[in-house]
Amino acid sequence: MTTPGSKSDDMMEEEGSAHHSGEEEEEEEGGTGGVDSLEEMQKRRSIQSGRGVTLSMLMSDGILEAGEGFLTIDYLGAKFVGDLLPGGKIRAQETQKIFSSPSSWAIHCKKLLNPDKKSGCGWSSMRYKGKKLDTYKNLWFRKHKQQQQELEKQETIAAQAAAAAAAASSANAKGIHLEHSDDDKKCSSLKKWDLDKMQSMIPRPRPSPQKRVIVPHTVLGNKSFNHDLNTLVKCTPFSGLDRIQPFTVTIATNCLLLVDFHCHIIKNEVVGYLGGNWDIASHNLAVLQAFPCRSGLGDKDSAARVEDEIRRSLERRHLSVVGWYHSHPSFPAQPTIKDIDSQMEYQITMKGDSDSSYTPCLGLICSPYDNQRPALEADYLAYWVMPPPEHRPHEYGRPMQMIYSIAHDSFLTQDLLMEMRLISEYYRSTGEALDFNIDFTNQGSGSCWEKLQSSLRTKLPRDLMVTGAQSSAQAQAVTHFWDFLKGLIMT
């Protein structure tokens, strides 16, 4: 378990690997918090360096596949063999140890033969089915560049169709921009980033079509009062723009577990803060704990009380606000126009007056009951908004997908269990709590309780993970946890 303000074992291991290697692709993508800094970095370091590209990304696109003995490293006459696991991690056949990236495994293997070895680029050292791993990474880049070019063609056609409407509303759009700019200048410290403001900016739930269309960012044009703020906008990965992610993100399982539970418990939108630490030296944002807002959206009477509770909780744990989360109960985990504006405002608020006071802000969306994706596990999206270019200031910011790694906590904290109890009690008192006995799709796919279990199971800490070598005590602890949870929501 990670104590408040500390880092999990996985976080410490990944940071250690990053210190050993300046070429750690997954954990050290580098970057800064501004668009100008990204462009400067782009000049210094080519995207072909591979930073930000992970094995899981190549597997998701069908370029690599999981398999035993697929990975090898030849070093100083010795050959090391590894298994590529479904999640993109590597299992060394010699030691059965799990590694989160090519570089961390390469460093481990090379230090066995050369203890003084301090670094080792896994992508150039490793082979996949006999071919250098770099070959597959370059194939991935070419594939995504072709996809991006095709997407730009489609977006251009759609943008031309929307140009007339955008031009007609440009005068109104200027008013929106100026209003936001004045507010942004006033927001210079974390203390002013209040819960009431957050809740007022998030759109209240309202009836929507069963299938919601996700539009590309380029069709939006300038800001306009005529735009539906609940329009979903497709997030773009940084690799799709040949850019490097401005900072790396690590999210603890205890944080995801609480977010997942909070988002599943009702069919309306929920919101909360993300607490963690910003390491300016490694440019890593560690999201360690979730702080659910136990109040209705727009409920100003309770907002101040809830915000004060969360602020005191953050201070006790020596954590900072590093972002926010909210749910899209029954539609995809892509940001709405309102989400984009909210995220952009939070980023400006947390930017501070100087580089020393800068803290990134991460947006996290959880979609537990997506009508277009009737899966057991909730869908997640972490995002950050790229400001519009200076010569087009009235456009919406561009939502960018943030790739993150997951750090497994050792065990649950008492704070987390208490927060689960408080969440359940609050929504039971409001009458919004979901009946977890019902079928979550109305098509015989299973009960909401079975769905919740499936979604939470992947986010359990190490001592509750179900494995073949599980002890009787561990099995009993898992049973007790599910009984505890069932007692909260089904009695």
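The values are calculated or read from the model by the stated rules, or taken from the named source; none is laboratory data. Keep in mind it's a predicted model, so treat the numbers as computed, not measured. Counting neighbours? That spans all protein chains shown, and the Cβs are built from the backbone with ideal geometry, glycine included. These area figures cover heavy atoms from the full protein model, side chains too; ligands, DNA and RNA do not enter into them. Shrake-Rupley method; radii C 1.70, N 1.55, O 1.52, S 1.80 Å.
Some notes on this structure:
- Out-of-range pairs (alpha-carbon distance over 27 Å; input LYS117/LYS137; LYS97/LYS459; LYS300/LYS338; LYS145/LYS351; LYS143/LYS338): LYS145/LYS351; LYS143/LYS338
- Residue-normalised accessible area of the range 59-130, given per residue in Å² at a 1.4 Å probe: 47 Å²
- Segments 247-258, 409-420 sorted - mean Cβ within 10 Å per residue, highest first: 247-258, 409-420
- Amide H to amide H, with H built 1.01 Å from N, ARG294 comes under 5 Å of no residue 5 or more places away or on another chain.
- Note on the range 328-436: with neighbouring protein chains present and a 1.4 Å probe, carbon and sulfur make up 50 percent of its accessible heavy-atom surface.
- Most to least packed among 448-454, 69-75 [average Cβ atoms within 10 Å]: 448-454, 69-75
- Ranked by the mean number of other Cβ atoms within 10 Å per residue, highest first, peptides 428-434, 303-309, 382-388 order as 382-388, 303-309, 428-434.
- Hull volume per residue, based on the alpha-carbon atoms of the range 229-287 and their convex hull, is 135 Å³.
- Rounded to whole Hz, the Karplus (6.51, -1.76, 1.60) HN-Hα couplings of the range 388-400, x for glycine and proline: x, x, 4, 7, 9, x, 8, 7, 6, x, 9, x, 10
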